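Please treat every number below as a calculation from the coordinates, not as lab data. As the structure is a prediction and not an experimental result, all values here were calculated from the model. Please note: Cβ atoms are built from the backbone with ideal geometry, for glycine as well, and neighbour counts cover all protein chains shown.
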Amino acid sequence: MSASDPAPTSDAVPVEPTTPLDVRLLAPAAAGWLTAILLIAYRPAVSLVTAGVTLTVAITTVVLVRRTQAIAHARATQRGWALLGVLVVVTGMALAAALQTHTLRTGPIRTLAAESATVEVHLKLTSDPVLRRSPGTHRPPYVVLQAIIEEVHSRSTEDSVRVRTPVLLITGESWRDVRYGQRVAATGRLEAVQDGDDVAATLSVRTPPRPLDDPTWWLQAAEKVRAGLRAAVADEPPDVRGLVPALVMGDESALPDELTEDFKTTGLTHLSAVSGTNLTLLLAFVLPCARLIGVRARGLTAVGVLTVVVFVILARPQPSVLRAAAMGLIALAAMTSGDGGRRAVRSLSGAVIVLLLLDTSLARSAGFALSVLATAGIVLLGPGWRDALANWLPTWLAEAIACPLAAQLACTPVVAWLSSEVSLVAVAANLLAAPAVGPATILGFAAAGVALINTDAAQLIGWAAGWPAQWILLIARQGADLPGAANPWPATAIGVTVLTLLCLALVVGLHRILARPLAMLIALAVLAIAVLRPVGSFGWPPRDWILVMCDVGQGDGMVLRAGERSAVVVDTGPDPAAMNRCLRDLKVEHIPIVVLTHFHADHVGGLAGVLNGRRVDELEVTPYFSPQAEYRRVTDLATQHRIPVRTVSYQEKQVVGELTWTTLWPARVPALPPPGTSSAT
């Protein structure tokens, strides 16, 4: 031991001999993943040729290995069998890619999509509807969901044709209340998609859905449980109403947009979506309870399997849910068993191979990549970093720090590629939020179950779940408001490559830093300065600023100083995050009036960012309430935050602090265009 090494403490964890990782499936998994990425964009014939070539090489390898096994060195023989494993997986992945691309490319849907044909279809919905908006455009909100076309009829086909082809539906708000698993009829226009997508076409529908039948009984039962949870927290504040169902079952239907942005900034997005965390927390609660009542051995296995099945049904049996369940179980095994890391590498590699064989389109899924990388980080880096920290920290705290640190570092390049940002607060936010995730999730599950029996009791449990949820919300809001919480990073090949190299350098050197208290204190001090930025940005904002035009992209967002930490905002741009960042840099905490000159999305779309964590006294709006969709969104936000909305009048004069302004338009309220027509204003 050198003089610079810390002296062992009473709670130090004894160092055990390192067990070699079982990486035999790592190379086949990586080769199979790369094969799927490359082949799903090509015709099935390319995949079949690839499978034929690799199968021939595999057979040749078997013959050579068997002939030389007696005279060759043992290590050379092992390398031969390892190569054979890679070739077998690549062959299987090529065949799976051929099968999937054949399914998507053949049949009438692909042909009709190339012609942009209008069709009558019978659909089975395979996802929940998601309401989306287009910041910076005049487009009203729209609904996106996935479905399988089971029957199609067009002008070019005399009779209806039965098919089973996945498509992406883009519809109006009238589809917001359709249910997962429901069969509906619709009329829409098919459009082609790029090769490599996991659907055969997109279907744009402007008419309301025509239900054909209800979901199966077990999906209806699951929906009843989900609705019970929503009812149990219906009396809670809006953010709690949205977060608890998202934590428990991935139900993001009531999650406010501004909260979603805060979760992205602080690296807490995995809490509001179905992830392995949900399942591991549920199992960690259910299995000990089963032991308490005497369940043992195979009974515990049966309880665990039943819990997984119920969870998957409640969270929707979609590929993302199955993937999250598999990754969560692997990560749990890695961190809770003695040689879990060794087995978990093998299990993770096997899970990647199986999942890609079942659905090769996952190879290009960002969610799949993040899930695999986060699990790999926990499995490969987590135990070693935990042991390094445990030299001078309690084991429970060392583990709480090592898990989010390993997962975040592994995912950072992909997150930067997707968001053009690097979060410096994600590890701290996950560490601080972690104690509340378990209670909120378990109480939420309990509220959902009790709601089937007694509504009042469910509301009481929902109220209890709201308290830990409030803590998570506090961490998300305060963390997102820190000056250096999220930092821009170029989402280019060079930018992501440089970031990946930096992360690899941290992987190499971080173990030594974690093992030394002084090095950790220095690293934390540097990180705190980067996040808190006590000196601010050089020259910005100037101390005597009067008017600032915020950088909101297309549209306008103007801030007029009305006093110390107070300002009047005129229009909000299209992006809540950009407007929130601008006001945060200006240290604006109180907004006496928000003036919205008109209801186009590039002038009102960022309103949620203005309202985020600030006291707003009043909204002043134009009397021309068009487009109606944006007007309704503004009034809904105002109602949610209990802010009065007032319509201005011609020649009206307002005074706020040192500011004075007069309304010059409109002199009269123009007539609104009839529904279904456009306006040039």
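Rounded to the nearest 5, what % of DSSP beta bridges with both residues in the range 108-215 are antiparallel?
The antiparallel proportion sits near 85 percent.
Summary value for the chain: 12 percent relative contact order, contacts being C-alpha pairs under 8 angstrom separated by 6+ residues.
For an R0 of 35 angstrom, estimate the FRET efficiency from the Cβ-Cβ distance between TRP545 and LYS653 and round to the nearest 0.05. Given R0 = 35 Å and the Cβ-Cβ separation, E is 0.90.
In order along the range 505-520, phi translates into HN-Hα couplings of 5, 5, 4, 5, x, 5, 4, 5, 5, 5, 7, 10, x, 5, 4, 5 Hz, rounded to whole numbers, per the Karplus curve 6.51 cos²θ - 1.76 cosθ + 1.60 with θ = phi - 60° and x for Gly and Pro.
Left without a cysteine partner by the 4.7 Å Cβ rule in the chain: CYS289, CYS403, CYS411, CYS503. Largest first, the three principal axis extents of the alpha carbons in the range 266-327 are 40, 24, 17 Å in whole numbers. The residues packed around ALA577, meaning those with a beta-carbon under 15 Å from its beta-carbon, carry a net charge of -4 if Lys and Arg are +1 and Asp and Glu are -1. Of all lysines in the structure, not one lies under 24 Å Cα to Cα from LYS653 without also being fewer than 8 positions from it along the same chain.
Helical content of the chain, expressed as a calculated mean residue ellipticity at 222 nm, amounts to -17500 deg cm²/dmol (DSSP H runs of 4 or more residues, -39,500 (n - 2.57) each, divided by residue number, nearest 500). In terms of Cα atoms, the Rg and Dmax of the chain work out to 28.1, 99 Å. Under a 5 Å amide H cut-off, with hydrogens placed 1.01 Å from N, VAL595 pairs with VAL569, VAL570, ASP571, GLU620 among residues at least 5 apart or on other chains. Phi angles of the range 594-601 translate, via the Karplus equation with coefficients 6.51, -1.76, 1.60 and θ = phi - 60°, into HN-Hα couplings of 10, 9, 10, 6, 7, 9, 6, 4 Hz per residue; Gly and Pro are given as x. Distance from the alpha carbon centroid of the range 382-436 to that of the range 482-496 works out to 18 angstrom. Setting aside same-chain residues fewer than 8 positions from LYS224, which aspartates and glutamates have a Cα under 14 Å from its Cα? Qualifying aspartates and glutamates at Cα under 14 Å: ASP214, ASP251. Taking amide hydrogens as placed 1.01 Å from N in the peptide plane, the amide H of GLU150 sits under 5 Å from those of HIS122, LEU123, LYS124, each at least 5 positions away in sequence or on another chain. Residue-wise HN-Hα couplings along the range 232-245, as the Karplus relation 6.51 cos²θ - 1.76 cosθ + 1.60 with θ = phi - 60° gives them from phi, are 5, 10, 5, 8, 7, x, x, 5, 5, 4, x, 7, 4, x Hz; Gly and Pro carry x. Here the chain carries DSSP beta bridges of which approximately 75% are antiparallel, counting only pairs with both residues inside. Which log10 I(q)/I(0) values, to two decimals, does the range 22-131 give at q = 0.13, 0.22, 0.23 Å⁻¹ under the Debye formula with one point per Cα? Per q value, in the given order, log10 I(q)/I(0) is -0.66, -1.12, -1.16.
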